[in-house]
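What follows is a single structure, written as structure tokens, with notes after it.
The values are calculated or read from the model by the stated rules, or taken from the named source; none is laboratory data. What you are looking at is a predicted structure, and each value in this text was computed from that prediction instead of being measured. Virtual Cβ from ideal backbone geometry, glycine too; neighbours counted across all protein chains shown. Calculation scope for accessible area: heavy atoms of the full protein, side chains included, ligands and nucleic acids excluded. Shrake-Rupley method; radii C 1.70, N 1.55, O 1.52, S 1.80 Å.
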Amino acid sequence: MIESSAEAEPSATERREAFAADVCEYLQRSPRQLPSRYLYDALGSALFDAICRLPWYRITRAESALLSRHARRILGPLARPVSLAELGCGSGEKLAVFASAAGEAFPTIQLVDISPAALETARSRLKAIGARSIVAHHATYADGLERIARHRPREGSLLVLFLGSNIGNFDPPAAGELLAGIRRSLRERDALLIGHDLVKPEPELLRAYDDPLQVTAAFNRNLLRRINDELGGTFDLEGFAHRAVWNAVERRVEMHLVSRRRQHVRIAAGSFELTFEPEEYIWTESSYKYQASQALEEGRAAGFTGGEQWIDAEARFALTRLSV
Ligand code: AVJ
């Protein structure tokens, strides 16, 4: 059985209005910003998949290796049968790796993503490996969590996966709230499996976010292209340079789009105009980097009872199973 949960989905118009409102609000902040979730339209999701294959971006490969090597141990203490739900599944590649390596049947697999194109890819990939019941939720994390709780089977337990260092997009207070929200949506004997990219030498971090093939630059600039196409924006894509910065104090990599000159931009959907000075930038994403112990501490602070961790010491990546 394969279904989509379409309950109370905002219409395309409502989605576009919310996008326009966010763009106008965030671009007027100081420094100018754009919410990173808007990076993932169909083209953005495809560019992100390409990033995951770059030699300089090791997160996805390191995590996939941990998932396949430790799948049985990860599932070990959970009550059977285990149902799975992934927040921000993207193309579903890692979930398929995990489900295959586990060598057991899952009554339902729920997928949550903001990109319909990515959801479709994930759905067919899981179908191809024999998943029985797949439920796809086109939703944000918060809405997705609610829907997961409503669609979970009564029997057994639920393992929520939040992989790829997606948690890294959230500043510490927001990350804490998100973890607490996940914890509240779980029941006794459920668990959360979460992937954290760990702090590593700065040159390695910067290469991962500013690659020599400039795929990450395309991924970043695609956000301006999306604003032009969906909101009637007039961004000159050549007028903005991609930049990755390691903010050592906050322990995060920031992606910026830096204006190469003084320029004016109009956004028809918001009847909105702004001027960029040379060097003025838009901050489009944060990728927080963690210490392994921090993953366990934040889990405990969010109400989880304990954790077990698997670490790729070479790529500096941690998978943590937090128990309820
Ligand atoms: C999907 C948010 C985990 O921050 O590493 C990759 C996105 N941005 N290259 C990350 C991303 C630039 C990625 N996350």
- Query: PHE106 fails exactly one of the following numbered conditions: (1) more than 19 Å from ILE59 (Cα to Cα); (2) open to solvent by 10 Å² or more (accessible area, probe 1.4 Å); (3) within 15 Å of the ligand (Cβ to nearest atom); (4) of a type in the set (A, V, I, L, M, F, W, C). What is the number of that condition?
  - Reply: (3)
- Query: Residues of the range 37-55 being assigned to a loop (DSSP other than H, G, I, E, B) and closer than 19 Å to ALA65 by Cβ, which ones?
  - Reply: CYS52, ARG53, LEU54, PRO55
- Message: Residue under question is ARG252, and the condition is that it be within 22 Å of the chain's Cα centre (by Cα) and modelled with pLDDT of 95 or more; does it hold?
- Response: yes
- Task: Quickly run through the range 245-270 and pick out the residues that are over 16 Å from ARG32 (Cβ atoms), in a strand (DSSP E or B) and either open to solvent by 20 Å² or more (accessible area, probe 1.4 Å) or not aliphatic (A, V, I, L, M) (or both).
- Result: TRP246, ASN247, ARG252
- Picked from the range 212-225 (must be closer than 23 Å to GLN33 by Cβ and out of contact with any helix residue (DSSP H, G or I) (no Cβ under 7 Å at 6 or more places or on another chain)), the residue most open to solvent (accessible area, probe 1.4 Å) is GLN214
- Item | Which listed residue, of GLU63, GLU3, is under 25 Å from ALA139 (Cβ atoms), open to solvent by less than 30 Å² (accessible area, probe 1.4 Å) and either within 16 Å of the ligand (Cβ to nearest atom) or not β-branched (Val, Ile, Thr) (or both) | GLU63
- Message: Looking for something more than 13 Å from the chain's Cα centre (by Cα), modelled with pLDDT under 95 and assigned to a loop (DSSP other than H, G, I, E, B) - is there at least one such residue anywhere in the range 79-102?
- Response: no
- State all residues of the range 24-40 that are touching a residue at least 60 places away in the same chain (Cβ under 8 Å) and away from the ligand (no atom under 14 Å from the Cβ); if no residue qualifies, say none. CYS24, LEU27, GLN28, PRO31, ARG32, GLN33
- Only one residue in GLU308, GLU279 is assigned to a strand (DSSP E or B) and away from the ligand (no atom under 16 Å from the Cβ), so which one is that? GLU308
- the range 271-306 - residue that is of a type outside the set (A, V, I, L, M, F, W, C) and at pLDDT below 95 and, of those, least open to solvent (accessible area, probe 1.4 Å): GLY306
- Item | Residues of the range 230-243 classified as open to solvent by 20 Å² or more (accessible area, probe 1.4 Å) and in a strand (DSSP E or B), total | 3
- Message: Out of ALA71, ALA122, ALA149, ALA142, I need the residue that is of a type in the set (A, V, I, L, M) and more than 28 Å from TYR38 (Cβ to Cβ). Which one?
- Response: ALA71
- Query: Quick one: ARG262 ticks every box in (1) touching a Lys or Arg at 6+ places or on another chain (Cβ under 8 Å); (2) away from the ligand (no atom under 13 Å from the Cβ) bar one, so which box is it?
  - Reply: (1)
- Looking only at the range 185-214, count how many residues are among the small types (Gly, Ala, Ser) and within 16 Å of the ligand (Cβ to nearest atom). 2
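Being within 27 Å of ARG262 (Cβ to Cβ) and either part of a helix (DSSP H, G or I) or within 11 Å of the ligand (Cβ to nearest atom) (or both) is the requirement here; does ILE227 meet it?
Criteria met by ILE227.
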- Can you pull out the residues in the range 41-55 that are within 10 Å of the ligand (Cβ to nearest atom) and open to solvent by 50 Å² or more (accessible area, probe 1.4 Å)? PHE48
- Item | Selection from the range 130-150 of residues that are under 15 Å from PRO81 (Cα atoms) and open to solvent by 20 Å² or more (accessible area, probe 1.4 Å) | ALA131, ARG132
